[in-house]
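Engineer: Right, I'll just put the structure down here and ask away after.
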Amino acid sequence: MSVEVRHIHKTFGAVHANDDISLTFADGRIYGILGENGAGKSTLMKILSGFYLADSGQILIDGRLVHYDTPRGAIEVGIGMLAQDPLDVGPLTVLENFVYGQPVGPLPDWQAARRRFAELAERLGFRLEPDMPVERLSIGQRQELEIIRLLALGVRVLILDEPTTGISAEQKSVLFASLQRLAREDGLTILFVSHKLEDVLELCDEVAVLRLGRLVGTAVMPVTTGELVAMMFGQALAPPSRRAATPGDTVLEVQDLFMASERVVMRDCQVCVRAGEVVGLAGLDGSGQQLLTRACVGLARPLGGRVLINGVDMTGRPYRDFLAAGVSFGAAGRLEEGLVAGLTLAEHFILTDAGQGWWIDRERGRQIAEERIAHYRIMGRPDSPIETLSGGNQQRVLMALIPPAPRLLVLEHPTRGLDVESARWIWEQILARCAAGTAVMFTSADLDELVTYSDRILVFYAGQVTEVPDARSVTVDELGHLIGGQRVGEEAGR
Amino acid sequence: MTRSSLLGQRALALGIGMASIAVSLLLTALIILAVGASPLEVFNKVTEGIGLTPTGLDMVRFSGVVNFWIPLMFVCTGLLVTFTAGLWNIGVEGQMMFGAVCATWVAQEVFLPTVVQVPLEMLAAALGGAFWAALTGLLKTRGGVHEIFGGVAMNNLANIFSIYLISGPWGNQGGQATPPFRQETLLLPMSSEFRVSAVALILMAVVFGGIFLALSGTRWGLELKAQGHSQRSALLLGVPVERNVLLAMALCGFMAGLAGSVRVLFTYGNLRPLVSGGIGFLGLLVVLLTGTRALWAPPIAFFFAAILGGSTRLKIALQLDQSLAGVVQGILVLMVILANGVRGRLRGRHPAQAPEPSASLEAEEAAIHG
Ligand SMILES: Nc1ncnc2c1ncn2[C@@H]1O[C@H](COP(=O)(O)OP(=O)(O)O)[C@@H](O)[C@H]1O
Ligand SMILES: [Mg+2]
């Protein structure tokens, strides 16, 4: 099934999110939709999948004009989308979710549904336990479930909006293999939205690049990274330079930490982070990194061991005590942990401004918000509700909320979901604080990021923590093997 | 979006609001017809009931409405605080009852000049209500018990406790009520015409104004708003979430206690079972309708007070059950909620996240603070 969009326009207030976009997608091919954060990719895809109605423009399927204004309408014409943020479905199981996502009567045929589900999962190489509650699934597994659900609905055009954000490398390769199979063997049209060049280069047959709401070019693979970057940003970016650090006193010291979650038990974890140092925590999701970061900011209680900040034992103390001790924390989920949907930008700055008295000085709040907006190049106004900002801009707000010189900065996936330029910019901010003596500890699933910015790297594998002997010379490839469970030293014999 | 389409949306929203009121009136009329009465007659009796007569305003009856409105507004004021903080303070009924019990204790056991006596009673009621609410708050923050469950339990406890007092140590009227309080312990009406307590009315206005300012202008109000939207994010932004839960609950209980004191010191002049009379639940309804738009609370609360006050006339005049008022209320609420839903649907494909109190984070919170 081929899809064509003609002269699509969509505005949000003053923002022209889609400005006269015309594109054609043929069946059996995988298209990359590339562009930095806020380029208008999600908007175009939401129009195609019926979540938004275009202000003007046409959608044609196999040359025939179609009209719909709901996601259901889109699915009826054969277009289905995996949203950027998977919908939360609470305590239902995988199978229940699958069944209730279909048009069923009051008494669904569970046996048939189970067979159909298993069949689809098998074919795509997804390992999903039908009776697992959906809330226990990882982001990647939820995507797999959603793909199966859409396919069962007979979708012929599959749209994926930033699907590689927040999933492991392993899940990514399963996903890519399944997408390729769907395109090559079943002739589906795949639209793959991303701001990550390497994903698009690896997977796609053709690419369309958006910038500031406009289509700036299309290309058929192969193209070079340089060409794509030039299209995305209008210029080529130089790779970030690596700094030399002379670490100061120990800021964070973790002794014999013993913690457990549903997925992993971590014993005898020893960590030390010094002022001016960047320590990267590598590992597959759920290997224990998050237990460590949460314990170091007072959001999780260790079962044993001690956490010292500047030599003071803070084990088991609440989050606010850590804040008072000069610890700053940036969590992975922006709107779940960190920003308050429903509050404006200015209100966020008022809440975190120690200079505000008990009676709010709104004018001061507005001024500070404007300063930060300018300094952190946030696309938004002081009175913009935070949830209307794009992901990249939300990340910038999170950075702007971190005080200028914390003693310890703990970050989870600081650039997840950001385009190359925004990620670089975030790191400039982190490194500037580091140069001022802040100790930094961060988790990331992006090996490049870990290798580029860490002075030391700790690898987490099933709760075991090992330090990479020479983080400054480790390659992405070597790190990848360590994360997969190979022990330090073994890679030499490979 | 263009200016004209914005205007169009406004008009649409207004239209939907009007339509929902029209539909609820129509439904009410149908129900009245179904029970074999004349809607017009009922309307007349209700307006008569609130004091609107062809010859002018009947002050005595009108004061009945105001007297219902005052404790309702105390409750609404308190509930605005908990609602902003994302808390469902179902326990507000029990807080009223316990406040009433405390006021009764002072009225019966303390003998002071009226100018000291009455304020002391009201203070005791307020503190009692605050204490009762704080218990529910503690159950939530320390015990991980959701405030809805805690609140229901505390409502029952307060009810049983007051019944025990009435039928046991404090009662002498066959378990129906305590003996009437002495004249010096009561709140008194302004005049024999307008039978409303000036003290209660003024205090209510002051308290409502104060809470309105606190919620809209202070850092604490902003903190509550933040944690009402996302407790987790607020915590990470450095808001003392747990302390604010307790404070918000206690403050709401404080108001509920005041409402309870008005019921015993003015409405009844003694303590009886279920002295709260459903005002707490009605307050929840009002705040549910106004959301965080505090300024809407007084008129909506007044409207409910009028319907309820008016309907007491129905029973006498038309032999209709006064629970009809409850039916009308229910229909109205349904319609308003429905209208909100319709508006949300028409507004766009992207349904805005409703700023409703969320129940999802308690477990996590409990886990964090262990
Ligand atoms: N629902 C919305 N309301 C207001 N502005 C929006 C909305 N959705 C997107 N935008 C704005 O439109 C622009 C494009 O956003 P989006 O399509 O999400 O970009 P991308 O997916 O490429 O990062 C951004 O400036 C964003 O802030
Ligand atoms: Mg997007």
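Engineer: How large, in percent, is the carbon and sulfur part of the accessible surface of region A:351-491 at a probe radius of 1.4 Å? Please list the in-between numbers first.
Structural biologist: Working: 3120 of 6130 Å².
Taking all protein chains in place, region A:351-491 shows 51 percent carbon and sulfur surface.
Engineer: Which distance in Å, rounded to a whole number, links the C-alpha centroids of region A:375-454 and region A:455-483?
Structural biologist: Centre-to-centre (Cα) distance: 23 Å.
Engineer: What list of ³J(HN,Hα) values in whole Hz, one per residue of region A:471-476 in order, does the Karplus curve 6.51 cos²θ - 1.76 cosθ + 1.60 (θ = phi - 60°) give from phi, with Gly and Pro shown as x?
Structural biologist: Those phi angles translate into 4, 6, 10, 6, 9, 4 Hz.
Engineer: At a threshold of 8 angstrom on Cα-Cα distance, excluding pairs fewer than six apart, so keeping six or more, what relative contact order does region B:62-319 reach in percent?
Structural biologist: Values: 445 pairs, mean separation 103.7, N = 258.
With pairs under 8 Å counted, the relative contact order is 40 percent.
Engineer: Shifting gears a bit: Could you tally up the Lys pairs in the protein assembly as shown with alpha carbons closer than 27 Å? Skip any pair fewer than 8 positions apart unless they're on separate chains.
Structural biologist: Lysine pairs meeting the criterion: 10.
Engineer: Just add up the charged neighbours of A:Gly311: K/R +1, D/E -1, any other residue whose Cβ is under 14 Å from the Cβ of A:Gly311. Please list the in-between numbers first.
Structural biologist: On the way: positive: A:Arg274, A:Arg306, A:Arg407; negative: A:Asp249, A:Glu253, A:Asp313.
Result for the neighbourhood of A:Gly311: 0.
Engineer: Something else about it: Could you state how much accessible area B:Trp88 has, in square angstrom rounded to the nearest 10, with a 1.4 Å probe and all protein chains kept in place?
Structural biologist: B:Trp88 has an accessible surface of roughly 60 Å² with all protein chains in place.
Engineer: Can I ask one more? Dipole of region A:57-183, Cα-centred, from +1 at each Lys and Arg C-beta and -1 at each Asp and Glu C-beta, to the nearest 20 debye?
Structural biologist: Working: 13 positive and 17 negative charges, 80 e Å.
Computed charge dipole of region A:57-183: roughly 380 debye.
Engineer: Rounded to the nearest whole Å², what accessible area per residue is found for chain A with the 1.4 Å probe?
Structural biologist: Values: 21500 Å² over 494 residues.
Solvent-accessible surface per residue comes out at 44 Å².
Engineer: Figure the gain on full extension for A:Met132 and A:Arg263 (residue separation times 0.36 nm, minus the Cα-Cα span) and round it to one decimal in nm. Don't skip to the answer; put the middle values down first.
Structural biologist: Values: separation 131, 0.36 × 131 = 47.16 nm, distance 1.41 nm.
Gain on stretching A:Met132 to A:Arg263: 45.8 nm.
Engineer: Could you please state how large a percent of the accessible area of region A:3-233 is carbon and sulfur, counting protein chains only and using a 1.4 Å probe? Before the final figure, lay out the partial values.
Structural biologist: On the way: 5240 of 10200 Å².
Carbon and sulfur together cover 51 percent of it.
Engineer: Add +1 for every Lys or Arg and -1 for every Asp or Glu among the other residues with Cβ under 12 Å from the Cβ of A:Leu418, and state the total. List each step's numbers first, then the result.
Structural biologist: Values: positive: A:Lys196, A:Arg334, A:Arg396, A:Arg416, A:Arg424; negative: A:Glu36, A:Glu162, A:Asp419, A:Glu421, A:Asp446, A:Glu449.
Charge balance near A:Leu418 sits at -1.
Engineer: Checking a compactness column here: for region B:62-319, what do you get for Rg(Cα) / (2.2 N^0.38 Å), N being the number of residues?
Structural biologist: After normalising by residue count via 2.2 N^0.38 Å, the value is 0.99.
Engineer: Shifting gears a bit: How big is the A/B interface in buried accessible area, both sides summed, 1.4 Å probe, to the nearest 100 Å²?
Structural biologist: Details: alone 22790 and 18150 Å², together 38240 Å².
Counting both chains, the buried surface is close to 2700 Å².
Engineer: Which whole-Hz couplings ³J(HN,Hα) result when phi for each residue of region B:221-227 is put into the Karplus expression 6.51 cos²θ - 1.76 cosθ + 1.60, θ = phi - 60°, listed in order with x for Gly and Pro?
Structural biologist: x, 5, 4, 4, 4, 4, 6
Engineer: Under 5 Å between amide hydrogens, which residues at least 5 positions from A:Thr93 or on another chain qualify, with H placed 1.01 Å from N in the peptide plane?
Structural biologist: A:Val134
Engineer: Would you work out which of A:Ser56, A:Pro406, B:Trp220 lies farthest towards the positive end of the dipole of the protein assembly as shown, given +1 charges on the beta-carbon of Lys and Arg and -1 on that of Asp and Glu, about the Cα centre?
Structural biologist: Projecting each Cα onto the dipole axis, the largest value belongs to B:Trp220.
Engineer: Can you list the residues, at least 5 places off or on another chain, whose amide H is less than 5 Å from the amide H of A:Asp55, using H built in the peptide plane?
Structural biologist: A:His9, A:Lys10, A:Thr11
Engineer: If you plug each phi of region A:392-406 into the Karplus form 6.51 cos²θ - 1.76 cosθ + 1.60 with θ = phi - 60°, what whole-Hz ³J(HN,Hα) values come out, in order, with x for Gly and Pro?
Structural biologist: Going residue by residue, I get x, 6, 4, 4, 5, 4, 4, 4, 5, 7, 6, x, x, 9, x Hz, with x marking Gly and Pro.
Engineer: Let me ask you something else. Heavy-atom accessible area of B:Thr53 with all protein chains present, probe 1.4 Å, nearest 10 Å²?
Structural biologist: Result for B:Thr53: roughly 40 Å² accessible.
Engineer: I've got another one for you. Report the calculated FRET efficiency for A:Val220 and A:Gln58 (r = Cβ-Cβ distance, R0 = 22 Å), to the nearest 0.05.
Structural biologist: 0.35
Engineer: I've got another one for you. Placing +1 at every Lys and Arg Cβ and -1 at every Asp and Glu Cβ, with all other atoms neutral, what dipole size does region A:3-233 have around its Cα centre, in debye to the nearest 20?
Structural biologist: On the way: 22 positive and 31 negative charges, 46 e Å.
The dipole of region A:3-233 has a size of about 220 debye.
Engineer: Provide the gained length on full extension for the span A:Thr246 to A:Ser22, in nm with one decimal, where the gain is 0.36 nm per separating residue minus the Cα-Cα distance.
Structural biologist: Working: separation 224, 0.36 × 224 = 80.64 nm, distance 5.30 nm.
Length gained between A:Thr246 and A:Ser22: 75.3 nm.
Engineer: Now for a separate question. Can you tell me the relative contact order of chain A? Whole percent, Cα pairs under 8 Å, sequence separation 6 or more. Present the calculation step by step, with values, prior to reporting the outcome.
Structural biologist: Values: 967 pairs, mean separation 75.2, N = 494.
Averaging sequence separation for qualifying contacts and normalising by length gives 15 percent for chain A.
Engineer: Amide H of A:Val251: which non-local residues (sequence gap of 5 or more, or other chain) have their own amide H closer than 5 Å, using H built in the peptide plane?
Structural biologist: A:Val273, A:Arg274, A:Ala275
Engineer: On to the next question. Which order do you get for A:Asp19, A:Asp361 if you rank them by accessible area with a 1.4 Å probe, largest at the top?
Structural biologist: Working: A:Asp19 25, A:Asp361 75 Å².
Result of the area sort, largest leading: A:Asp361, A:Asp19.
Engineer: How much of B:Phe181 can a 1.4 Å solvent probe reach, expressed as accessible area in Å² and rounded to 10?
Structural biologist: Its accessible surface works out to 20 Å², give or take rounding.
Engineer: Further, regarding this structure: Can you send over the carbon and sulfur percentage of the accessible area for region B:31-106, probe radius 1.4 Å, protein chains only?
Structural biologist: Numbers: 1790 of 2520 Å².
In region B:31-106, the share of accessible area belonging to carbon and sulfur is 71 percent.
Engineer: What is the mean number of Cβ atoms from other protein chains located within 10 Å of the Cβ atom of each residue in peptide B:205-218, rounded to a whole number? Working shown, then result.
Structural biologist: Details: counts 0, 0, 0, 0, 0, 0, 0, 0, 1, 2, 0, 1, 5, 5.
Partner Cβ neighbours, averaged per residue: 1.
Engineer: How are the Cα pair distances of chain A distributed, in percent, across 20 Å bins from 0?
Structural biologist: Percent of Cα pairs in each bin: 21, 54, 24, 1.
Engineer: Another one. Checking the a/c ratio against 1.5 first, then a/b against b/c, what shape does the Cα gyration tensor give for region B:114-247?
Structural biologist: Oblate is the answer for region B:114-247, as a/c is 1.5 or above yet b/c matches or exceeds a/b.
The values are calculated or read from the model by the stated rules, or taken from the named source; none is laboratory data. Bear in mind the structure is a predicted one, so any value in this text is a computation, not a measurement. Cβ: placed from backbone, ideal geometry, glycine included. Neighbour counts: every protein chain shown. Areas reflect the complete protein model, heavy atoms only, side chains present, ligands, DNA and RNA absent. Shrake-Rupley method; radii C 1.70, N 1.55, O 1.52, S 1.80 Å.
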